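Questions regarding the structure given below will be posed in turn.
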Amino acid sequence: MSDIIKAAAELLGQLRSNKPLVHNITNYVTVNDCANAVLAIGASPIMADDIGEAVDITAISSALVINIGTLNHRTVESMLAAGKKANELGIPVVFDPVGAGASRLRNETTRAILSEIKVSVVRGNMSEISFIAGLNANTKGVDAAEEDIASGDAAQAAVALAVAEKLECVAAITGATDIITDGKRIAAVSNGHKMLSDVTGTGCMTTALVGSFCGAGRDAFVAAVAGIAAMGIAGEIAFENAGSKGTGSFHMAIIDAISRLDEKILFERARINETYR
Amino acid sequence: MSDIIKAAAELLGQLRSNKPLVHNITNYVTVNDCANAVLAIGASPIMADDIGEAVDITAISSALVINIGTLNHRTVESMLAAGKKANELGIPVVFDPVGAGASRLRNETTRAILSEIKVSVVRGNMSEISFIAGLNANTKGVDAAEEDIASGDAAQAAVALAVAEKLECVAAITGATDIITDGKRIAAVSNGHKMLSDVTGTGCMTTALVGSFCGAGRDAFVAAVAGIAAMGIAGEIAFENAGSKGTGSFHMAIIDAISRLDEKILFERARINETYR
Amino acid sequence: MSDIIKAAAELLGQLRSNKPLVHNITNYVTVNDCANAVLAIGASPIMADDIGEAVDITAISSALVINIGTLNHRTVESMLAAGKKANELGIPVVFDPVGAGASRLRNETTRAILSEIKVSVVRGNMSEISFIAGLNANTKGVDAAEEDIASGDAAQAAVALAVAEKLECVAAITGATDIITDGKRIAAVSNGHKMLSDVTGTGCMTTALVGSFCGAGRDAFVAAVAGIAAMGIAGEIAFENAGSKGTGSFHMAIIDAISRLDEKILFERARINETYR
């Protein structure tokens, strides 16, 4: 019996009883799914991206999720201000560097966020986290480049470890296998289904779930593992229930599965291998 | 047989034949659901939030819905300009003060809208409408604070009446029981299902339905009751058809039920108690 | 056996193997559906509407879709800059003039886009394309005005031809029958279902599909026909599978059907009549 699986399941129980308020400054493509994913896992979402209130809303929240999927100068300012307020108050910040590497604006925003804000968790695909690591990455839009997916778990772990050490945070790379590390503990999550990449926003939803778990407990490593495993398990269940119907039904079934996830299902279905460095 | 139920059902018939154009200046989290709810009930949605066209679009619409779920300085300006144009032309304005009480920006915007624009209907949860009433409210993000829900129908009615009189409009507080009043007539709607709070935007959709009914008839009280009862009934039907599947399927089933609502279903399922002050 | 049907089916095969990156500068109402439609047909969506990155993202894309469903001054600037970059690099531009005719901002933006950018395809309803043709149009918001729908195929073809010649592009008018022309070839697509107008964004999704096909092959006429036929067929299949449940289920079933569309289904179900001028 794995300690990390037990810890993740317990954290789900805490999340469900605490219902943390999770502030999301995110993109307008997947924002509805993110809000519904946060509700489905048992937390309470709030979205506020104007500089006139981003700081106020952060101050009453239990976690802040910053997602750069659709950026503009107005929201970047809010991300930075909200992030600083979160740091000041000890509120965990989860960062999703969507499409980092794909444009100068995304690259510069990613650099600004990581230099001005202390993040608790950064989650992205191999391209995005490689950009942060300063490694070469083949970025093709916001989806994972296939070369990166193929490069395997060992390369992923190396990149995640480099970022975790550099930023002193939890770094998570999601892909065929998901790698999460805080620089000492390394978890490999084998849950998930490839159909998840056929629906937009499954990465954003994963990050929103990580934010929800971060709002429920102090260990950001466990929170990241729990959020990522929850999404992977939901993807598997959604595929079983609706995969043959098509990606629209599968999309709804993902939210269904998140909403019905409980400690028992998470505990039984999670496939997580934890190692220590 | 209740007169208000009959009036609400008849208004649905009118809405379906008139197909009013409903202008929504709303948030980017739930805007797609609002548009689909407006279409499902039989009206025609249009969303335009730039100062360059908000007034023009209002002028060709039968109702204006203002929702402050995600605010920014650009859209606040458009809300005020559109609202003034609606007042000038006698077009009903429906206002959803999402998260009023949660940030200074939301509070100031709410105050500005209510002081510069004559609204026909204001709809929110107990926290939000209490903020407007100037009473104390425990605001926890955009969802209803539980203390407020527990405070019961009598407290809700008192707050709604205070707001209806202060603003000379229809005030609606949705919760376990929904209270709608124009200061003289008071309707208590017992339809709905608690699972509605597990999907983001069900409040926004309710307001969009109220706007659709306002675009179809002159009595804003009947329109507010009809829109709120329609959403409650849709929630019940959605729960019967899809509640056990999870919140994703339930979400789609809400739109399904709105689209299949007719005068007969509304008449038979509406549980509305009307009293006079 | 129709050559155009064969060409459309073959282009779907190419699209599925090439997975072109499609940049969408679009509205926040239907953006999630557009992204999911692009993924469902087999392409890769990216949305970036800030002037700080719109040009960069266009430069790495295989097609650019510009949709004016919700406009603001910030995004109009990005649309123009991205469109010019696309022209410079020979990347096809697909334009959806949502609500053209309904406000001065939409009219001026439409004029600016068409005078500063060479578009490969313009797709809209009869009102919108008539506005572009400089003909009188009865515009009622963003949905097709019924008078226009009733005006029949001959009038549609005349308007489409006028626009195709004026702009030297492919002009497509969708309605009960869809008319697509490059000025020489004229295709009439009889696929589709009237329930498609009960879901917001089916027009936007159609344009996003056209953009996806444009990213997969050089003949914009074939791409427009393929995208429009794909959406029509998906609507028919969605109606068969979910139409009786309501518009929420139908909505999801549209995405399901797009994701399961293959060359065989497209070939067998497409009802396209091609004529030459």
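The values are calculated or read from the model by the stated rules, or taken from the named source; none is laboratory data. Predicted model, so just to flag it, every value in this text is computed and none were measured. Heads up, the Cβs are rebuilt from the backbone with ideal geometry, glycines too, and the neighbour counts pull from every protein chain shown. Note: accessible area is taken over every heavy atom of the protein model, side chains too, but ligands, DNA and RNA are not part of it. Shrake-Rupley method; radii C 1.70, N 1.55, O 1.52, S 1.80 Å.
Each residue of segment A:3-11 in turn: what ³J(HN,Hα) in whole Hz from Karplus with 6.51, -1.76, 1.60 and θ = phi - 60°, glycine and Pro shown as x?
Computed from phi, the couplings for segment A:3-11 are 4, 5, 5, 4, 5, 5, 5, 4, 5 Hz.
To one decimal place, what Kirkwood hydrodynamic radius in Å is obtained for segment B:37-103 from all pairs of distinct Cα atoms?
12.5
Still on this model: Within segment C:48-89, what residues put their amide N at less than 13 Å from the label point 7 Å along the Cα-to-Cβ vector of C:E108?
From segment C:48-89, the list is C:72-74, C:76-77.
Divide the volume of the convex hull of the Cα atoms of segment C:1-145 by its number of residues and quote the answer in cubic angstrom per residue.
With only Cα atoms used, segment C:1-145 gives 122 Å³ per residue.
So for the pair A:E88, C:N18, with labels modelled 7 Å out along Cα→Cβ, what separation do we get in nm?
With each label point 7 Å from Cα toward Cβ, the separation is 5.2 nm.
What number, rounded to the nearest 500 deg cm²/dmol, is the helix-based mean residue ellipticity at 222 nm of chain B, given -39500 (n - 2.57) per DSSP H run of at least four residues and division by all its residues?
Values: 12 runs with 149 residues, N = 277.
Rounded to the nearest 500, the figure is -17000 deg cm²/dmol.
Go through segment A:164-180 residue by residue and turn each phi into a ³J(HN,Hα) via Karplus (6.51, -1.76, 1.60, θ = phi - 60°); whole Hz please, and just put x for glycine and proline.
The phi angles translate into 4, 6, 4, 9, 6, 8, 8, 10, 10, 10, 9, x, 4, 10, 9, 10, 10 Hz.
While we're on this one: For B:V65, list long-range residues whose amide hydrogen, built 1.01 Å from N in the peptide plane, is under 5 Å from its own amide hydrogen.
Here B:H23, B:N24, B:I25, B:V94 satisfy the definition.
Could you please point out the chain C residue with its Cβ nearest to the axis of the rotation taking chain C onto chain B, and the distance in whole angstrom?
Closest Cβ to the C-to-B rotation axis, residue and whole-Å distance: C:Y28, 3.
If you don't mind, another one. Determine which lysines satisfy two conditions relative to B:K264: a Cα distance under 23 Å, and not lying fewer than 8 residues away in the same chain.
Filter leaves B:K6, B:K19, C:K245.
What are the radius of gyration and Dmax of segment B:144-277, computed over its Cα atoms and given in Å?
Considering segment B:144-277 through its Cα atoms, Rg and Dmax are 14.4, 44 Å.
What FRET efficiency, computed as 1/(1 + (r/R0)^6) with R0 = 35 Å and r the Cβ-Cβ distance, is obtained for A:I60 and B:D153, rounded to the nearest 0.05?
Details: r = 28 Å, r/R0 = 0.80.
Computed FRET efficiency for A:I60 and B:D153: 0.80.
What are the principal axis extents of the Cα atoms in segment A:161-225, in Å, biggest first?
Cα extents, longest axis first: 32, 24, 18 Å.
Please work out the FRET efficiency for the pair B:E268 and A:S244, using the Cβ-Cβ distance as r and a Förster radius of 45 Å; give the result to the nearest 0.05. Kindly include the intermediate steps, with their values, before the conclusion.
Values: r = 37 Å, r/R0 = 0.82.
The pair B:E268/A:S244 has a calculated efficiency of 0.75.
Put the label 7 Å from Cα along Cα→Cβ for C:E116; what are its distances to the other copies, in nanometres, shortest first?
Counterpart label points of C:E116 in the remaining copies fall at 2.9, 2.9 nm.
Using the Cα atoms of the protein assembly as shown, I'd like the radius of gyration and the largest Cα-Cα distance, Dmax, both in angstrom.
25.4, 73
What are the residues whose amide H is under 5 Å from the amide H of A:K118, where those residues sit 5 or more places off or on another chain and H is modelled from the backbone?
none
For the pair A:S2 and B:T275, how long in nm is the line joining their label points, each one 7 Å along Cα→Cβ?
If labels sit at A:S2 and B:T275, their model points lie 5.8 nm apart.
If you don't mind, there's one more thing I want to ask. Ignoring any ligand, DNA or RNA, what whole percent of the accessible area of segment A:3-276 comes from carbon and sulfur when the probe is 1.4 angstrom?
Numbers: 4380 of 8840 Å².
Using a 1.4 Å probe with all protein chains present, segment A:3-276 comes out at 50 percent carbon and sulfur.
Let me ask another. Which ³J(HN,Hα) values in Hz, rounded to whole numbers, follow from the phi angles of segment B:202-215 under the Karplus curve 6.51 cos²θ - 1.76 cosθ + 1.60, where θ = phi - 60° and Gly and Pro get x?
For segment B:202-215, the Karplus-derived couplings read 5, x, 4, 5, 4, 4, 5, 5, 4, x, 5, 5, 4, x Hz, x marking Gly and Pro.
Given label points at 7 Å from Cα along Cα→Cβ, what nm distances, shortest first, separate B:D3 from the same residue in every other copy?
For B:D3, the other copies' label points sit at 7.2, 7.2 nm, shortest first.
Let me ask something else about it. If you average 1/r over all unlike Cα pairs in segment A:213-277 and invert the result, what Kirkwood radius do you get in angstrom?
Evaluated over segment A:213-277, this radius sits at 12.7 Å.
Put a point 7 Å out from Cα along the line to Cβ at A:D262; what are the distances to that point in the other copies, in nm, shortest first?
4.0, 4.0
For chain C, state the average projected area of the convex hull of the C-alpha atoms over all orientations, rounded to one decimal in nm².
Numbers: hull surface 49.5 nm².
That works out to 12.4 nm², a quarter of the Cα hull's surface.
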